[in-house]
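Working notes for the structure below.
The values are calculated or read from the model by the stated rules, or taken from the named source; none is laboratory data. None of the values given here were measured: they were computed from a predicted structure. Please note: Cβ atoms are built from the backbone with ideal geometry, for glycine as well, and neighbour counts cover all protein chains shown.
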Amino acid sequence: MNPSLLSVWVQRAQSVLKMLVQHSVFIFILLFVGVINAQTFPAKPIKIVIPYPAGGSSDLITRVVGQKLGELWNQPVVIENRAGAAGSIGMEYGSHQAPDGYTMIVGNLGPAGVNPLLSKVNYNMEKDFMPISLIAAGPNILVVNTKSDYKTLKDLLKTASSKPNAINFGTSGPGSLSQLAGELLMRQTGMKMQEIPYKGGMLAVNDVLAGQIEMIISDAQPVSQFIAAGTLRPLAITSNQRSPLFPNIPTFAEGGIEGMEALNWWAAFLPAGTPKPIADVYSKALFTILAMPEIKERFAKLGVEAVPRTVEETKKFLDAEKQKYTKLIKDNNIKSE
């Protein structure tokens with residue numbers, strides 16, 4: 001080989017080696033700093049962002065966890081409600097927070113799962129967030145007015161199958177789980193129902209109570225009190241097995257309809273780039289909190305169960321949910337408003 005050419009190659013190899021060494025040192029420094037920070041974390045108040053207004057399921061669940069997190073870490077925990085655009089505004093806000101561990105975001109199926117599938121949002125769940133753990137999950141319940149003729153799921157299906165669009169089902173609007181569950185039911189049975197969208201699930205529940213619409217597939221919180229009072233009749237629940245929270249409500253599978261699992265869920269996220277040692281501190285804390293009997297009891301009153309998961313388990317769950325609803329939205333041409 002030409003000596004001058006060999007010299008060029010040697011210089012290039014030395015340059016590459018130097019760059020690799022520098023890069024390795026940089027990575028080591030980042031890891032070292034992350035470990036040191038984790039040992040002293042948290043050293044100041046924690047902020048938890050909720051992409052919904054106060055008073056709803058997301059707010060109530062998060063405040064229960066936030067209270068225990070503050071007690072465990074002996075630091076104040078500030079809840080910040082950033083509502084709007086079906087939760088997308090709060091998630092966008094959360095995506096811009098510093099990745100220092102002092103901001104946690106609690107997202108659910110809407111803004112953290114379905115919204116990016118329905119319309120353009122100013123955040124990317126894969127690039128902007130680091131999932132830490134699932135927090136809670138709960139099934140939806142198909143309910144009808146107690147005065148209706150529908151005593152069982154088969155009664156409802158018989159009418160819906162013989163009279164297309166005779167059954168009106170209420171939803172919280174495009175992309176809501178009440179709508180997606182209704183679409184899923186129609187896909188699994190081949191029947192046709194008429195969707196009646198509302199600007200909130202409670203408005204739809206009120207119209208079921210008033211006999212204005214036949215049914216809604218609702219999350220448990222707004223309907224459980226009426227089920228207990230005997231004014232709403234539950235026909236089926238959207239879990240694979242009977243829920244320990246509602247052991248007397250049959251599953252859709254028991255009524256002859258497979259593939260009707262549709263869960264409400266809430267998960268904890270940190271801004272992408274948060275050092276892993278700090279993320280590990282969160283993971284350990286959430287596992288501790290969600291195992292507390294007090295938390296399980298308080299969650300049960302909200303119609304949900306505590307479901308701590310590892311980071312990898314959480315990622316796998318979120319990926320499966322994305323695949324399921326991507327197909328459902330595409331197959332049924334579901335659009336946002």
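Residue-level check: of (1) closer than 30 Å to Lys127 by Cα; (2) touching an Asp or Glu at 6+ places or on another chain (Cβ under 7 Å); (3) surrounded by fewer than 22 Cβ atoms within 10 Å (Cβ to Cβ), Asn264 misses just (3). Number of residues in the stretch 97-152 that are assigned by TED's automatic domain parsing to the domain that holds Ile278, of a type in the set (Asp, Glu) and out of contact with any helix residue (DSSP H, G or I) (no Cβ under 6 Å at 6 or more places or on another chain): the value is 2.
Go through Ile227, Ile249 for me and flag whichever is assigned to a helix (DSSP H, G or I) and touching a Pro at 6+ places or on another chain (Cβ under 6 Å).
Ile227
Screening Ala229, Ala204 for residues that are over 24 Å from Glu183 (Cβ atoms), free of Cβ contacts under 8 Å to residues at least 40 places away in the same chain and more than 20 Å from the chain's Cα centre (by Cα) leaves exactly one candidate, Ala229. For the stretch 250-295, a tally of residues being of a type in the set (D, E, K, R), modelled with pLDDT of 95 or more and either closer than 22 Å to Gly113 by Cβ or within 21 Å of the chain's Cα centre (by Cα) (or both) returns 2. State whether the residues of the stretch 183-206 include one that is in contact with a Gly (Cβ under 8 Å, 6 or more places away or on another chain), closer than 12 Å to Asn140 by Cα, outside any helix (DSSP H, G or I) and among the hydroxyl-bearing types (Ser, Thr, Tyr). Within the stretch 183-206, not a single residue is in contact with a Gly (Cβ under 8 Å, 6 or more places away or on another chain), closer than 12 Å to Asn140 by Cα, outside any helix (DSSP H, G or I) and among the hydroxyl-bearing types (Ser, Thr, Tyr).
Can you confirm whether Ala136 is part of a strand (DSSP E or B), modelled with pLDDT of 95 or more and aliphatic (A, V, I, L, M)? Steps first, answer last, please.
Values: part of a strand (DSSP E or B): yes; modelled with pLDDT of 95 or more: yes; aliphatic (A, V, I, L, M): yes.
Judged against the criteria, Ala136 is a match.
Rundown of residues vs (1) buried (at least 19 other Cβ atoms within 10 Å of the Cβ); (2) on the phi < 0 side of the Ramachandran plot; (3) touching a helix residue (DSSP H, G or I) at 6+ places or on another chain (Cβ under 8 Å), yes/no style:
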| position | (1), (2), (3) |
| --- | --- |
| Tyr282 | yes, yes, no |
| Ile289 | yes, yes, yes |
| Ile295 | yes, yes, yes |
| Thr310 | no, yes, yes |
| Lys316 | no, yes, no |
| Lys322 | no, yes, yes |
| Ile329 | yes, yes, yes |
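Here Gln97 fulfils each of the conditions (1) surrounded by fewer than 23 Cβ atoms within 10 Å (Cβ to Cβ); (2) closer than 12 Å to Gly175 by Cβ apart from (2).
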